[in-house]
Amino acid sequence: MTVTCNPKVAMVSGGGRGIGLEIVRELLSRNWKVSVGMRTPRDLFPEHHENLLVTYFDATVEQSEEDWIAKTAEKFGQIDAIVHNAGVLSDRSVLEASESQFDEIFDINVKSPMRLTQKLWRYLVDSEAGKVIIIASLAAKRIRAPEATLYSISKFAALGLAHSLRVCGDPVNVRVTAICPGFVATDMASYVPLEKLKKLTQPEDVAKTVSMVLELPSTASIAEIPINWTAEPQY
Ligand SMILES: NC(=O)c1ccc[n+]([C@@H]2O[C@H](COP(=O)([O-])OP(=O)(O)OC[C@H]3O[C@@H](n4cnc5c(N)ncnc54)[C@H](OP(=O)(O)O)[C@@H]3O)[C@@H](O)[C@H]2O)c1
């Protein structure tokens, strides 16, 4: 169902596949203008040409952040929201992780979202109801297994970034939410056995949660949303 809302502009990182692609699809169907940042730009949803911009963005290339923001502002004239979705997984434990593995995952999962938010903050303030969403993880809420611990500490930091931005945004009406899914059926969960894949949270489920948060008025500030495909104690 297509729902109309005031056309607003959202940037989505890593929108070429997985959860990011579903977020882009959902927002376009809800009348958003969407600017997708991805490492290998390609023609996504040509039928939405006017409302869609696809731009090169690599979280490890700082200049690409400025270029993506500038192109978004040039095409749409405003930026109301960003969804920090791009992220990488690691199977390293904190006892094994090298400095370069630590740096790589923190660059992508934490540092780039922080820099991007700094660089586009003035647009979010001008929007008067700006929104930031960080796709964190349940790995930011609890530690599951040794091999998930390097990933977990990066997502704990991403969650801390969301809470920090939430406090910074309050005086200027910018709302910030961390969405914390457990396993989602994307390439990132490809090691999950096939018979279990269908039971996992679907990328579309996360996308619907994102659009709900983006469309709530700023009188409804949501700090975190945990989403799980199963029931764990507390999550
Ligand atoms: N799937 C899960 O179980 C799960 C659970 C909780 C949270 N999450 C989080 O959800 C987000 C999306 O993950 P997903 O499940 O959709 O995984 P995915 O299918 O592996 O997609 C990862 C996305 O991140 C992008 N990306 C990776 N490195 C990048 C970089 N250096 N610069 C720009 N983009 C980069 C990828 O782009 P390319 O196509 O160029 O590689 C891709 O679009 C991530 O932050 C992930 O940590 C996933």
| query | Where does each of THR219, THR209, THR55 land when they are ranked from fewest to most other beta-carbon atoms within 10 angstrom? | reply | THR219, THR55, THR209
| task | With an 8 Å cut-off on Cα pairs and a minimum separation of 6 or more residues, tell me the relative contact order of the chain in percent. | result | 19 percent
| Do the alpha carbons of any pairs in LYS33/LYS198; LYS131/LYS155; LYS8/LYS71; LYS33/LYS131; LYS33/LYS155 sit beyond 26 Å of each other, and which pairs? | LYS33/LYS198; LYS33/LYS155
| field | Relative contact order (%) - region 1-60, alpha-carbon pairs under 8 angstrom, separation at least six | value | 33 percent
| Once the Cα gyration tensor of the chain is found, what semi-axes does its equivalent ellipsoid get, as square roots of 5 times the eigenvalues, in whole Å, sorted largest first? | 27, 20, 18
| Per-residue Cβ neighbour rank within 10 angstrom, fewest leading, SER164, SER211 | SER164, SER211
| message | With the cut-off at 1.5 for a/c, could you classify region 96-235 from its C-alpha gyration tensor as rounded, prolate or oblate? | response | oblate
| query | Can you sort MET212, MET188, MET11 so the residue with the fewest Cβ neighbours within 10 Å comes first? | reply | MET212, MET188, MET11
| task | Run the numbers on region 173-221 and let me know its relative contact order in percent, using alpha-carbon pairs under 8 Å that are six or more apart. | result | 50 percent
| task | Mind checking the full-extension length gain between LYS208 and HIS49? Use 0.36 nm per residue of separation minus the Cα-Cα distance, one decimal, nm. | result | 55.1 nm
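Every number in this text was worked out from the coordinates using simple rules, so none of it is lab data. Only a predicted model underlies this, so the values are computations on that prediction, with no experimental measurement involved. Positions of Cβ are backbone-derived with ideal geometry, glycine not excepted, and every protein chain shown enters the neighbour counts.
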